[in-house]
1. Being more than 25 Å from Ser200 (Cβ to Cβ), of a type in the set (A, V, I, L, M, F, W, C) and surrounded by fewer than 18 Cβ atoms within 10 Å (Cβ to Cβ) is the filter here, so list the residues in segment 116-143 that pass it.
2. Considering only segment 148-155, I want to know if a residue exists there that is of a type outside the set (A, V, I, L, M), in contact with a helix residue (DSSP H, G or I) (Cβ under 8 Å, 6 or more places away or on another chain) and at negative phi.
3. Do the conditions hold for Asp80, that is, is it in contact (Cβ under 8 Å) with a residue 40 or more places away in the chain, under 26 Å from Asp232 (Cα atoms) and either in a strand (DSSP E or B) or small (Gly, Ala, Ser) (or both)?
4. What number of residues in segment 27-47 are of a type in the set (A, V, I, L, M, F, W, C) and more than 23 Å from Leu164 (Cβ to Cβ)?
5. From the list Leu97, Leu126, Leu109, Leu40, exactly one residue is at pLDDT below 95 and of a type outside the set (D, E, K, R). Which is it?
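The values are calculated or read from the model by the stated rules, or taken from the named source; none is laboratory data. Values in this document were obtained by computation on a predicted structure and should not be read as measured data. With ideal geometry, Cβ positions are generated from the backbone for all residues, glycine too; neighbour counts draw on all protein chains shown.
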Amino acid sequence: MRRGVSTQGLRPGRGLALVALLAALAGCAPTTMGPMVMRLGPGLPDQSTLHGGIRSGPRLSAPLAARTTFDPTESNFAGDADPFSTRQWSMAYDFALTRPVSDRVAMHLGLQGEIYYPLPLPGYGLYGGVSSWFGTPELGVAPALVLRGASDFGIDTRGGPGSLVGAEATATLYFCPDPKVSLGLVPFFGVHQAFTRSQSATALYYGGALVFQIPMGRLDKVEVSGGFGRADVRGEASWNVPIMGTRWSR
């Protein structure tokens, strides 16, 4: 029988140190989810809505991190040759709150955590923004502007270490044939500053996605999205990014 590592007798301080070590070994750099806000018409102008699920995007720090690392396992940036490489693309937990402030204007606040079983480690992010809509409840456009930031706190992670700050604009073209069913086409364009190992570069992330919302029970909805984006890190690389995700709303 192979001996394992026993945690019996570990003091609380040593236990926390072990958890931190495992996080450093197993974690991932932040995923840049997009489009961030996909507002399909008026929504619920008289109450707040919670959203939760998983969404995909690029690790914008990956080209910079690959160029500056001494680790041979992290130094090969695949780009378009392998768009699903987890060094440059991943999925993240996404939780958000939409809070209306008038019949048309709503505020959005969200947070993300990288998917790594069993906990999101260690890339985390926050975003906030505002949206409105123009047209009719059945057909129109809903623009939004979002500010965001995320970091893995300098830990040498997969696709990192990496941090970013930036802004993204979207304009959802929505069609709601039924109050409980919505379809949208969401072009987006984001400008970010990516940081790794005391270096930085401007990163663009743009593209489009289709999004569907269908009812799930009396109160909830399910949202499914998919599309493609393009990540462009100035002076480093650009590559295609598959977009996919699913969230519930209530």
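1. Leu119, Val130, Phe134, Leu139, Val141
2. The answer is no; no qualifying residue exists.
3. No: the conditions fail for Asp80.
4. 2
5. Just one listed residue meets the conditions, Leu40.
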